[in-house]
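The values are calculated or read from the model by the stated rules, or taken from the named source; none is laboratory data. None of these values were measured; they are calculated from a predicted model. Cβ atoms come from the backbone with ideal geometry, glycine included; neighbour counts cover every protein chain shown. Each accessible area value is taken on the protein alone, full model and side chains, heavy atoms only, with ligands, DNA and RNA left out. Shrake-Rupley method; radii C 1.70, N 1.55, O 1.52, S 1.80 Å.
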Amino acid sequence: MSLATIIDCDPGHDDVMAILLGARTTDLRAITTVHGNASLEQTTRNARQTVEFAGLTHIPIAAGMAAPLVQAPSYAPEAHGVTGLDGPTLAPPTVPLVPQHAVDYLLAQSRQIADLTLVPVGPLTNIAAALKQDPGFAGRVRQMSIMGGSLTFGNRTPAAEFNIWADPDAAQVVFRSGVPIKLVGLNVTLQVVATPAIRAHIRSLPSTTARHVADILEFYSTQPGNSGAMHDPLAVAALIDPTILTFEPMHVTVETHGSVTRGMTLCDGRHLGPDFRALRHRVRGETPNAEVAVAVDAARFWELFLDVLATYP
Amino acid sequence: MKLTTIIDCDPGHDDVMAILLGGRTTDLRGITTVHGNASLAQTTRNARQVVEFAGLTHVPIAEGMPQPLVRVAQHAPYVHGESGLDGPTLAPPTVALHPSHAVDFLLEQSASLSELVLLPIGPLTNIAIALKRDPGFASRVKQISLMGGSLTFGNVTPAAEFNLWCDPEAAHVVFTSGIPITMIGLNVTHQVLATEPYRRRVRSIGSTTATHVADMLDFYSARETAYTGLAGGSMHDPLAVAALIDPTILTFEPLHVAVEIHGRDTAGMTLCDGRHLGPDFRALKPRTRGEAPNANVAVAVDAARFWELFLDVLATYP
């Protein structure tokens, strides 16, 4: 039986890949949208366009938080274009949104669905707001598989990855929530890149969806501010195929006060040794609150992703 | 021609190894002491004992700052013992200290020596005060090779290495000084361990100095193993000397390094902008978008080559 999931996202090119992967390999109950790669208005529009071209209009979409908990919103046009999904030519969306706010929708779904798994792949504002709005929410969520942060370097700053940097305060709420977390960070996602060979293969597939995905990946992989890394779908892959990612339990905190480290996911990986494998110190820190991805099999990911993509119209 | 150096230290077991290595392979003009592994009184006493047993009493020792710029002094008895140099039995020191405060000594020496290289291997308080006391100091120092920080994880906290964690504000002053910096962090020093076979080789040299060193390394390694589970004491500090004298031991990348002084979880972290190194520091080469490099950061080390050098040098001591 497949996992009941909700993807919380800010599409975003790689968010689209996460939706396509999650809709076939999990019991995807909803998509909630958040500010991030672009404004909430744009990310919501992009989510609607995605379910339309992929034939996923049965999946409800709820629009969420337009701004971070504390700071002002910052977008990523250098990676995703001004629409957040530049590249493909998509029809204006017609599918309606669900009438509730994403936070209300998450709270309602968490009551109706046993064993709900959240897949947050944007800034964590919706999830943090849900945790704060209803103290029982954490206890009703089975787990989260988050794309965000890094065990090593950031991208937006030397220390911080974009999703966490875009709302560090929300991320701190999430990492302190007690919900079991899988953290899929840049240290692995930057190793899974849509190479020209892979993009050519996708373009050779006959479906409409594959054509849009090819256009999306073409833009995404050739932006000066981007590396074509498959960040977000790896948070889905983490849930469905244990051979793709390797995890280590660690204590993770989010730096919210640093002058140069704000938005950093500080992972206590001291026991991993300087190259993350050679040495085995004793852990002296706090009890792990997350499973942190430390290695990835990129070829295995692409096998899975291309198999799934071939099932779309 | 040998480099003209001053070692600024908080002995400390591995500091002793740095003094011994620097005492032979560089033109060592002074040792300045600072709070750190133990109190200033202890680290100064330890430095005096070291120059006495090693026959280096011609190297002047000047005592420096007893506490950090802003924070309260913190020591590491769990690694170095209460004295800062537990293990060997050493005679009470008799060698006189230099009359100047370490900061004055550093300023004086920088004025009289050309091409002075500083080897700070403790908290950076003395160097920061010298930089703040005399705006001309930075330009009179040719280079700094420091042991501190990390490209990856810390030791005292997940983010921070002990020397930087003791005085982040001083480290910030040093890293923004404009002096060319070579940074030797935990990411390499934790790979150079005084394992049992190396400790046996040290002891088999048989000299007084080597016997004291063997006693130190036995104590230090037992503490390191108890504290971190590593197979021997990390040779942190002598690697900052080795960086200067043998280019085959360490590999460097020019990076921008910022010291976090405000972080709640990350205070004392050396935030290295290594984004262009890729997630495992070699596979990918994303474009660098950050600030201009201000340090050469050690990214790899040849531990066997270090030990060859160190054992060769140790054998020259009485």
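Under the criterion of Cα pairs below 8 Å and six or more residues apart, the relative contact order for chain A equals 20 percent.
Shape of the stretch A:1-150 from its Cα gyration tensor (a ≥ b ≥ c, root eigenvalues): rounded if a/c is under 1.5, otherwise prolate when a/b > b/c, or oblate?
It is oblate, given that a/c is not under 1.5 and a/b is not larger than b/c.
Convex hull volume of the C-alpha atoms in chain B, normalised per residue: 124 Å³. Here the Karplus curve 6.51 cos²θ - 1.76 cosθ + 1.60, taken at θ = phi - 60°, turns the phi angles of the stretch A:195-206 into couplings of 6, x, 5, 5, 5, 5, 4, 4, 5, 6, 6, x Hz, with x standing for Gly and Pro.
Near A:A4, the amide H atoms lying under 5 Å from its own belong to A:D27, A:T117; only residues 5 or more places off or on other chains count, and H is placed 1.01 Å from N. In this Cβ point-charge picture (+1 for Lys and Arg, -1 for Asp and Glu), the stretch A:186-313 has a dipole of about 240 debye about its Cα centre.
Each Lys and Arg contributes +1 and each Asp and Glu -1, all at the Cβ; summed about the Cα centre of the protein assembly as shown, the dipole is approximately 320 debye. Solvent-accessible surface of chain A, averaged per residue with a 1.4 angstrom probe and all protein chains in place: 34 square angstrom. Phi angles across the stretch B:252-264 convert, under the Karplus curve 6.51 cos²θ - 1.76 cosθ + 1.60 with θ = phi - 60°, into 3J(HN,Hα) values of 10, 10, x, 9, 7, 10, 10, 9, 6, 10, 10, x, 6 Hz, Gly and Pro given as x. With the contact rule set at Cα under 8 Å and sequence spacing of 6 or more, what percent relative contact order holds for the stretch B:179-270? Result for the stretch B:179-270 is 26 percent.
Taking R0 as 41 Å, what's the FRET efficiency between B:Y227 and A:R142 from their Cβ-Cβ distance, rounded to 0.05? Result of the calculation: an efficiency of 0.65. With contacts defined as alpha carbon pairs under 8 Å and 6 or more residues apart, what's the relative contact order of the stretch A:106-179 in percent? After rounding, I find 37 percent. Any idea how far the Cα center of the stretch B:93-114 sits from the one of the stretch B:205-246, in Å? Cα centres, the stretch B:93-114 to the stretch B:205-246: 27 Å.
Candidates B:G84, B:L131, B:L146 compared by Cα position along the dipole of the stretch B:1-150: farthest toward the positive end lies B:L131, with charges placed on Cβ. Three principal axis extents describe the C-alpha atoms of chain A; from largest down they are 53, 43, 41 Å.
The shape of the stretch A:191-242 comes out oblate: with a ≥ b ≥ c from the C-alpha gyration tensor, a/c is at least 1.5 while a/b does not beat b/c.
Here each label is just a point 7 Å from Cα along the line to Cβ, and for B:D134 and A:E52 those points are 7.3 nm apart.
Protein heavy-atom accessible surface, 1.4 Å probe, per residue over the stretch B:4-101: 34 Å².
The mean number of partner chain beta-carbon atoms within 10 angstrom of a residue's beta-carbon across peptide A:259-272 is 6. Two numbers describe the Cα atoms of the stretch A:109-174: Rg and Dmax, which are 12.9, 41 Å. Here the peptides A:187-200, B:6-19, A:142-155, A:124-137 are ranked by packing, the mean other Cβ count within 10 Å, and the order with the highest first is B:6-19, A:142-155, A:124-137, A:187-200. Per the Debye formula on identical point scatterers at the alpha carbon atoms of the protein assembly as shown, with no solvent, log10 I(q)/I(0) at q = 0.10 Å⁻¹ is -0.85. Placing unit charges on the Cβ atoms only, positive for Lys and Arg and negative for Asp and Glu, gives the stretch B:1-139 a dipole magnitude near 100 debye about its Cα centre. With solvent modelled as a 1.4 Å probe, how much accessible area in total do chains A and B shield from it at their shared surface, in Å² to the nearest 100? Summing both sides, the interface buries roughly 3200 Å². Residues of the stretch A:140-182 whose accessible area, computed with a 1.4 Å probe over protein heavy atoms, drops by at least 50 Å² once all protein chains are present relative to their chain alone are A:F153, A:P158. Net charge of the neighbourhood of A:T189, taken over other residues with C-beta under 12 Å away and scored Lys/Arg +1, Asp/Glu -1, is -3. With both residues required to sit in chain A, DSSP beta bridges show an antiparallel share near 30%. Its residue count N sets the reference 2.2 N^0.38 Å, and the alpha-carbon radius of gyration of the stretch B:1-105 equals 1.01 times that reference.
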